[in-house]
Amino acid sequence: MWLLWAMVSARMPAVAAEVDQRALEQLARGDESALAELYDRHARLLYSLALRIVRHQADAEDVLQEVFSQVWRQASRYDASRGSVVGWLVTLTRGRAIDRLRRERVKPDQVRAEDDAREVADAGMPADLRLVTAEQALQVRAALGALPDNQRVPLELAYFEGLTQAEIAERLVVPLGTVKTRMRQALLRLREALTGQKP
Amino acid sequence: MIAEPKDHEALREQAALNAIGALTGAERSTFEAHLDECADCAAEVRAFLPVCSALAQSVPQHDPPAALRGRILALARRTSESPRRTAAVAPWLAAAAMLVLTAGLGIYTTQLRQRVRTLESQLRDALVRVDNGDRRLAVALRSAADAAAPMAILTAPDVRRIDLAGQPVAPQAAARAFWSPSRGLVMTASNLPALPAGRTYQLWFVTARAPISAGLLRPDAGGTLTTVLSTPADLPQPAALAVTLEPEGGSPGPTGEKYLVGLAN
C-alpha cells in the first residue's frame, strides 16, 4: 500500500509536467481555456513568489497579470528543451518581480504584506498538483534549511532580492570571489538534495 | 569564439549562477555567448533549472485574491479579438469570388474533418487522464484514511495510555500504547532486540482469564516500531499489556520470554 503510494507520488510530477505541456500547446493555438487551466494550476505558486519578492499585494497582482498576459501572447515561443513549463513561468515571474523591485527600491517601504496570510490550498488547484507541491515545498524548505547561513543568505539575496553578486559582496562585506563560491556551493547542494544528482 | 579548455572550466562553474539569473553585465553576455556553442555548459544550466523553480516553492504560500483570476482571463479574451476589416467588393469580382469560395469550402471541410479527428483524440486522452486522476485520488484518500486511524484513536474519548517497561531480557526496551476500547490501539516501541530468525514479537492483553493476542509486532532494524492494531470490541477489562517472543506467525497463547510489560489501570 505505501509502496504503491510512493510509486504514485514519484510519477505525479511527471504527469503534472505533461498536463502543463499540453495546456501550453493549446494556448499556442489560441485556446483560452488553457490559460484558465495554467492559472488554476500555478497562480498560487507564482503569486506567492511575486509577493515574496515585491512584498506588496497590489504589485504582486500586477506582476501576475503581466506574466499571464505574456504567456498568452508568447506561448508559442516556449521551448520545451530549455526546461519545464513551470520553470518557464517561475523565470518570467521572478524576472518581472525583480524588475519591479529594482524600480521601486528607491521608494520607501510601505505596508508589508501580511505574513500570517493563510497557507491553505486553493480550491481551484487540482488535487494531484496540490499534493505534489506541498510535498516538494517541504523538501525544498528542508534542503534550504540544511545549508549553512553563509551559503543560504547570498543565494536568497540573489534569488529573492535580485541583488547582483557585487551588491551581495558589499552587503555582506565579503570578497566577490567568496560570494560566487558560496552561491555555487549552495546551488550544488540544493541540486543534490532535490534531484539526487551528484555534481 | 571557441573557449579554451581552461576558460571552459571557469565558464562551466558559472552555469549554476546563470540558471538562477544571478549573472549580470559582461559576465552574463560572455557566458551566454559560450552557451550557444557549448552543449556541455548548456546541459549544466539545464541541470540547475529544477533548483531554480524549486526555490520558488520555498516561500510561504498565499492564495491570490479571487478577483485576479477573472481580470487575467478577461485580459486574454480582450487581446484575442483581432480587429475585423471590411473590404468593398467590386461587383465584377463576385463571380471570381464564388469560384474561390467553392474551392475554399472544400479545403475548409477537409480542415474541419481534421479538426474533429484531433478533438476526438484529445477527448480520448482527456478521458484517460480523468480516469488516472480518479485512481490517484482513490489512492490518496486511502492513504489519508490510513494516516487518520492513529489520530482517531489518540483523540478518542475513551483513550488510555499504557506505558510498557523493558523486562530483564531487554532492559533497554520501552513502549507506549494508546488504547481506545472503541477504536483500537496505537503502539510505539523502541530498543527492542533484533528478532532471531523464525521469531516474532506478539502483543497480549492480559485479562482475568487467558491472555488475548492483540497482534504481531515487527520492529525495524533499529528496534523501533509504530503500529495501529484493531482490538475486539468485547475485550474484557485487561490488567496489563505484555509483549513476548513467539514462533513466526504467532501463538494462540504466550509461550516465550516476556520483553515488555505494562499495567493497565
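With the cut-off at 12 Å, report for the range B:5-56 the share of all Cα pairs above it, as a whole percent.
60
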*Can you tell me the FRET efficiency between residue B:47 and residue A:99 if r is taken as the Cβ-Cβ distance and R0 is 41 Å, rounded to the nearest 0.05?*
0.95
*For a quick protection proxy, order the peptides B:152-160, B:240-248 by their average other-Cβ count within 10 Å, most packed first.*
B:240-248, B:152-160
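Once the Cβ-Cβ distance between residue B:154 and residue B:66 is put in as r, and R0 is 22 Å, what FRET efficiency do you end up with, to the nearest 0.05? Kindly include the intermediate steps, with their values, before the conclusion.
Values: r = 36 Å, r/R0 = 1.64.
The computed FRET efficiency comes out at 0.05.
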*Along each of its three principal axes, how wide is the spread of alpha-carbon positions in chain B, in whole angstrom units, largest first?*
110, 60, 40
*Between rounded, prolate and oblate, where does the range B:161-215 land on the alpha carbon gyration tensor, with a ≥ b ≥ c its root eigenvalues, rounded for a/c under 1.5, else prolate if a/b exceeds b/c?*
prolate
*What is the spin-label model distance, in nm, from residue B:74 to residue B:161 if the labels are put 7 Å beyond Cα along the C-beta direction?*
5.7
*Treating the angle as unsigned and between 0 and 90°, give the value, to the nearest 10°, between the Cα long axis of helix B:66-80 and the longest Cα principal axis of chain B.*
30
*In degrees between 0 and 90, to the nearest 10, how far off the longest principal axis of chain B does helix B:94-154 point, with axes built from Cα atoms?*
20
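Please state, rounded to one decimal and in Å, the Kirkwood hydrodynamic radius that the range A:146-199 gives when every pair of distinct Cα atoms enters the mean of 1/r.
11.2
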*Label-point separation, residue B:182 to residue B:135 (7 Å along Cα→Cβ), nm*: 3.9
*Of B:129, B:77, B:117, which is the most mobile in a GNM of chain B whose springs link Cα atoms less than 10 angstrom apart?*
B:77
*Pop a pseudo-label 7 angstrom from the Cα along the beta-carbon direction at both residue A:29 and residue B:169 and give the gap in nm to one decimal.*
6.9
*Can you give the three extents of the C-alpha atoms in the range B:160-263 along their principal axes, from longest to shortest, in whole Å?*
34, 24, 22
*Output the lone cysteines of chain B: those with no second cysteine's C-beta under 4.7 Å from their C-beta.*
B:52
*Just counting partner chain Cβ atoms within 10 Å, what average do the residues of peptide A:179-186 show around their Cβ?*
3
_Normalised radius of gyration for the range B:95-134, please: alpha carbon Rg relative to 2.2 N^0.38 Å, two decimal places._
1.92
*Gyration tensor (alpha-carbon) shape descriptor, the range A:8-107, a/c threshold 1.5*: prolate
*Counting pairs of alpha carbon atoms under 8 Å apart in space and at least six apart in sequence, what relative contact order in percent does the range B:5-56 give?*
46
*Taking only Cα atoms, what is the 0 to 90° angle, nearest 10, from helix B:25-37's long axis to the longest principal axis of chain B?*
90
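Values in this text are rule-based calculations from the coordinates and carry no lab data. Small disclaimer: the values here were computed from a predicted structure and weren't measured. Backbone-built Cβ (ideal geometry, glycine too); neighbour counts: all protein chains shown.
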